[in-house]
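Some notes on the structure that comes next.
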C-alpha cells in the first residue's frame with residue numbers, strides 16, 4: 001500500500017498547482033492522471049495578473065513568462081467571415097499587461113500546454129510525485145482518510161493508495177464529483193466543439209495577430225481560431241453534434257475543408273490531430289465532501305470568454321493548499337477546511353452569469369455587455385461579508401480581502417505569501433511583539449503607498465495573501481497570537497447567499 005498526505009486526481013492546471021503549492025509548504029502529495037502527458041491542444045491561454053502574482057511567489061512566473069513570449073505581439077479579438085476577408089475588432093485590447101499600482105504580476109499569454117511542464121518540473125523538484133497514464137478507479141472515505149485504487153493504464157498494474165485527503169481536479173465531467181452525487185447549479189451546455197490542430201503558413205492573411213478570431217460566413221461555417229507558440233501551428237474549433245458525430249467523423253479531408261473555409265482560400269494544410277470538448281456552465285453545489293475537495297473544472301465550468309476558468313482554478317488551489325498544509329501540520333482544526341467552500345464557491349457563483357453574458361454576446365454578434373472592469377475582476381474578490389466584488393480592485397486594506405500590493409524594498413509583498421502568515425506594521429513595538437509569534441514580520445511604514453492603502457498599526461496577512469486581522473491599537477503579542485489562532489480555527493462559516501441580478505463583467 002502506498003501512503004500520501006494528499007492524493008490529487010487530475011494533472012491539469014488546478015491539480016498541478018495544488019501539487020506545487022503543497023510541496024513548497026512541505027506537504028508531499030501524489031498526483032495521478034489518466035493521460036500519458038500534457039495535451040498538444042492549446043487551452044486556457046491568458047494568465048491574469050493575480051494568478052501571475054501567485055506564480056511569482058512560488059518561483060515559476062519567470063519561466064511562464066518565457067513560455068508566453070511567442071504571444072507577446074498578439075492582442076484583441078477579431079470577427080470575420082474568413083481570415084482573407086475584412087476583420088471587425090470586438091475589442092482591440094492594447095492596455096498594458098502590467099498594472100504596477102496593483103501588483104507585481106504581469107498578464108501572460110502562455111498556453112496551458114506550455115505551462116503544465118513548468119509546473120510539473122517545479123512540483124517534482126519540491127518533492128511532489130506525479131503518475132501520468134495512471135487512473136483513479138475507485139475510492140472510499142472514512143474518518144481517517146481516503147482509500148483509493150489506481151491503475152497504470154500501460155501495464156494494468158493496480159495499487160492501493162491511502163491518503164489523508166483527496167483533491168478532485170479531474171475536469172468538467174469529474175468522475176469523483178459524480179461518484180459523490182454532487183449536483184451543479186445553473187448547469188447548461190452552450191456548444192460541443194471539436195478542436196482541429198493543423199499546420200499552415202497564414203502570414204499573407206494576417207496583417208496583425210489577434211488573440212482569437214471568430215469566423216462566421218454565409219455558407220454556414222462558424223468557428224474560432226487561435227495561434228500556438230509555433231508560428232505555423234494553429235487550432236481551429238468548430239461545433240459538432242455528439243448525438244450523431246464523433247472525432248472519428250473528422251477525417252483529414254473534412255478537417256482540411258474546414259480550415260479552407262476558415263481561411264477563405266485553399267492552401268496547403270497539415271492536420272495534426274482532433275479533440276472534442278464542451279462549452280458549458282455549472283457550479284458544484286458544494287466543494288467539500290468530507291475528505292474530498294473539488295478544484296478547477298470539477299468545481300466550476302463556464303465558457304472561455306474572459307479566460308477565467310483556469311485562473312479561478314489556480315486560485316482555488318491557492319486557497320485550498322495552505323489550509324490543507326496547516327491542518328496536516330496540526331496547526332489548524334478541521335473547520336478551517338470548511339472555509340474553502342465558503343470562500344471559493346460564492347466567487348464562482350458570481351462569475352458564472354457574467355461570463356455567460358459575454359459568451360452569448362460573442363456568439364450572437366451583439367456588443368459585449370458593460371459592467372465590472374478587469375482590475376476589479378482580477379483583484380476585487382473578497383471573502384468578507386457582503387457582495388463578493390464589493391470593494392473595487394483591492395486598493396484599500398480590508399479584513400477578508402486581498403492585501404493591497406506594496407514593495408518592501410526589492411520584494412513584492414505577495415512574494416512573501418508562501419505558507420506563512422505575514423505581519424505588516426509601522427512600529428518597533430509591533431516588531432518586538434512579533435518575535436515570539438509564528439509570523440514573518442516586516443516594517444512597512446516607509447513603503448510607497450503604506451499610509452494610503454493600510455493606514456497605521458498592524459495587519460496580519462494569511463498565506464494566500466488575504467487579510468485576516470488588523471489593529472490600530474497598542475502592540476500586543478497576545479493579541480497577535482489570538483488573531484493567528486482565530487484565523488486557523490475559525491467559527492464554522494455561514495453560507496453566503498447565491499448572487500442575484502444580472503450584473504455583467506467586461507474586459508478592460
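None of the figures in this text is laboratory data; all of them are computed from the coordinates on show. Predicted model only: the values in this text are computed from it and were never measured. Heads up, the Cβs are rebuilt from the backbone with ideal geometry, glycines too, and the neighbour counts pull from every protein chain shown.
Per the helix-only calculation at 222 nm, which mean residue ellipticity applies to the chain, given -39500 (n - 2.57) for every DSSP H run of n ≥ 4 and division by its residues, nearest 500 deg cm²/dmol? Let's see the in-between values first.
Numbers: 12 runs with 140 residues, N = 508.
Per the formula, -8500 deg cm²/dmol.
FRET efficiency for residue 178 and residue 152, Cβ-Cβ distance as r, R0 = 22 Å, nearest 0.05? Present the calculation step by step, with values, prior to reporting the outcome.
Working: r = 23 Å, r/R0 = 1.05.
Result of the calculation: an efficiency of 0.45.
Taking Cα extents along the principal axes in Å as the quantity of interest, determine which of [x] 61, 53, 50; [y] 74, 64, 47; [z] 74, 54, 41 was computed from the displayed structure.
Structure-derived value, by its label: [z].
Order these peptides, 263-273, 166-176, by their mean beta-carbon neighbour count within 10 angstrom, highest first.
Ranking, from highest mean packing down: 166-176, 263-273.
With axes computed from alpha carbons, what is the tilt in degrees of helix 308-328 against the longest principal axis of the chain, rounded to the nearest 10 within 0 to 90?
Approximately 30 degrees, to the nearest ten.
Please sort 49-61, 5-17 by packing, taking for each peptide the average over its residues of neighbouring beta carbons within 10 angstrom, highest first.
Ranking the peptides 49-61, 5-17 by packing returns 5-17, 49-61.
Before anything else, pin down the relative contact order of the range 190-280: Cα pairs under 8 Å, at least 6 apart, normalised by residue count, whole percent.
About 46 percent, as a whole number.
Given a cut-off of under 8 Å on Cα pairs at least six residues apart, what relative contact order in percent is computed for the range 41-163?
With pairs under 8 Å counted, the relative contact order is 24 percent.
I want to verify the translational diffusion coefficient of the range 190-280 in µm²/s; compute it with Stokes-Einstein, Rh as the Kirkwood radius over Cα pairs, at 20 °C and 1.002 mPa s. Intermediate results must be reported in sequence, preceding the final value.
Numbers: Rh = 13.5 Å.
So the translational diffusion coefficient is about 159 µm²/s.
Using only the alpha-carbon atoms of the range 146-218 as identical scatterers, what base-10 log of I(q)/I(0) does the Debye formula give at q = 0.13 Å⁻¹?
-0.77
Once the piece of chain linking residue 477 and residue 285 is laid out straight, how much longer is it, given 0.36 nm per residue of separation minus the C-alpha distance between them?
Here the segment from residue 477 to residue 285 would lengthen by 65.1 nm.
Taking every eigenvalue of the Cα gyration tensor of the range 37-148, multiplying by 5 and rooting it, what semi-axes result, largest first, whole Å?
So the three semi-axes of the range 37-148 are 35, 20, 14 Å.
If one puts a single equal scatterer on every Cα of the range 395-488 and applies the Debye formula without solvent, what log₁₀ I(q)/I(0) results at q = 0.25 Å⁻¹?
-1.51
May I ask for the percentage of alpha-carbon pairs in the range 266-343 that lie more than 16 Å from each other? Don't jump to the answer; show the numbers that get you there.
Numbers: 1816 of 3003 pairs.
When every Cα pair of the range 266-343 is considered, 60 percent fall beyond 16 Å.
Ranking request for peptides 344-353, 398-407, 132-141: highest mean number of other beta-carbon atoms within 10 Å first, then the rest in descending order.
By packing density, highest mean first, the sequence is 344-353, 398-407, 132-141.
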